[in-house]
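Just below is one structure, and these are the notes that go with it.
Each reported figure results from applying straightforward, stated rules to the coordinates on display, with no laboratory input. From a predicted model like this one, the values you see are computed outputs, not experimental measurements. Don't worry about glycine lacking a Cβ; one is built from the backbone with ideal geometry, like all the others, and counts go over all protein chains shown.
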Amino acid sequence: MGPAWPYRGGIATIIETLARVFSARGADVSVLTFRVQYPRVLFPGKSQFRDGPPPAWLGEPGAPIIERRINTINPFNWIGVGRLIRREAPDAVILKYWTPFMAPCFGTIARVARRKKRKPTADTSHSATPRFIVQLDNIIPHERRWFDGPLTRYFVGSMDGFVYMSEQVGRELAEFDTTKPHIYSPHPMFDHFGAPVPRKQAAEKLEEKLDLAPGTLDTAAQYVMFFGLVRAYKGLDLLLEAWAQIIKGSKTASPRKLLIAGEFYDDISKYRAIVETLGLTEDVIIQDRFVPDSEVPLWFSVADLLVLPYRTATQSGVTQIAFHFDLPMVVTDVGGLPEIVRDGVTGYVASPTAESIAAAIDKALAPAKDASTPSSLAVLRANFPSEKRRFSWDAAADALEKVWKKA
């Protein structure tokens, strides 16, 4: 239950992928997604929906089905969906929680679904009511409001078990519940984007798609990338300040460029003003747009390094794209980011200051000392194959099933 086709974003990808994993394990799976996810007035982006065709697997025999049933702003709909789940009598309802906006809707659906017990079947030990197991992206949002606590408490009270994707979220969950089954399981790796694209080819395709002049993306340059939705807590301003320090102090003959790829949910004019004030106009390329899945391999094939300069965080799906493409990272030591990107293994961990971020980027981009030693980036890339094993989809499904059995 949650976002899925035709809705866009990483949470939708997680729900669809988990549905397919459980289906492959022999479960009868359906996905309940939204008729209305956010009212237009409350959505900061340009569109809630994906461009392009539906997933290739949708409609195949035996594949999960997706039904648009849920209206997050209609309480009568919540009651109806709850009754539908009660009639269907599933053994488990797996859902995502990432914002208190969803708490009234999801909390009410769960309560209605369990209002009347069903009889357990003779061949199962399953409970007489469906168990609601939630995979927590956040428990309290990064930009807090006074009503977040009461709404989250209402939601948590309606759930039977929890899987959290960072230890910080686990600590925040303890403010609301300490008795129900819970387990830590890291964000699984986004592996549906296909193989990397040769760098020159990726650069040329991006120039064409973005209507950039040929040669704008010079493959002789080093590219550092900020990727994903731009919000204040993600610290893009810190990265721009760090980038000014890097450009000023750079001793390398190769040009360096900062790529910013993602839709701005924060006021873009303040970032453009920083770029201009710091004299970075020629050193930064900004693309204010949601990046569709088809373009993701191009950006991650052009970039040499991904930077997540967040001021606060729980975890980030962007790191899990980077793992798929073996792209080294610099992250800040906030939330669960250091749990995902281990310092000196697949990247470097910095403090959320411009000076610390600049130092970590310089360390990551350091060239080889001589012809017999690898560069810093090459050393980091070599560690990705073994690190990826921590982030499998089977492990994520196992964690949900483990909590379900204890609920």
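Cα-Cα over 21 Å: which of Lys200/Lys248; Lys180/Lys402; Lys96/Lys402; Lys96/Lys270? Mind showing how you got there, number by number?
Values: Lys200/Lys248 27 Å; Lys180/Lys402 13 Å; Lys96/Lys402 17 Å; Lys96/Lys270 33 Å.
Where the Cα-Cα span goes over 21 Å, the pairs concerned are Lys200/Lys248; Lys96/Lys270.
Ignoring aspartates and glutamates fewer than eight residues from Lys405 along the same chain, the ones with Cα atoms less than 13 angstrom from its Cα are Asp91, Asp160.
Could you tell me the relative contact order of the chain? Use alpha-carbon pairs under 8 Å, at least six residues apart, and round to a whole percent. Intermediate values should be presented prior to the final figure.
Numbers: 730 pairs, mean separation 60.1, N = 407.
After rounding, I find 15 percent.
Each principal axis of the Cα atoms in segment 1-84 has its own extent, and those three values, largest first, are 39, 33, 17 angstrom.
Over segment 199-390, Cα pairs under 8 Å with separation of 6+ residues give a relative contact order of 21 percent.
Note on Asp218 and Trp146: the model spin-label points, each 7 Å out from Cα along the C-beta direction, lie 5.5 nm apart. Calculate the length of the line joining the C-alpha centroid of segment 1-54 to that of segment 290-327, in whole Å. Each part's Cα centre sits 20 Å from the other's. Angle of helix 268-277 to the longest C-alpha principal axis of the chain, folded into 0 to 90 degrees and rounded to 10: 20°.
If you scale each eigenvalue of the Cα gyration tensor by 5 and take the root, what three semi-axes come out for the chain, rounded to whole angstrom and sorted largest first?
Values for the chain, descending: 40, 21, 21 Å.
Charge tally for Ser269 (other residues, Cβ to Cβ under 14 Å; Lys, Arg +1; Asp, Glu -1): -3.
Shape of segment 42-119 from its Cα gyration tensor (a ≥ b ≥ c, root eigenvalues): rounded if a/c is under 1.5, otherwise prolate when a/b > b/c, or oblate? The shape class here is oblate.
Restricted to Cα atoms, segment 263-407 shows a radius of gyration and a Dmax of 17.5, 58 angstrom. When Arg145, Arg199 are sorted by how many other C-beta atoms sit within 10 angstrom of their C-beta, beginning with the fewest, the order is Arg145, Arg199.
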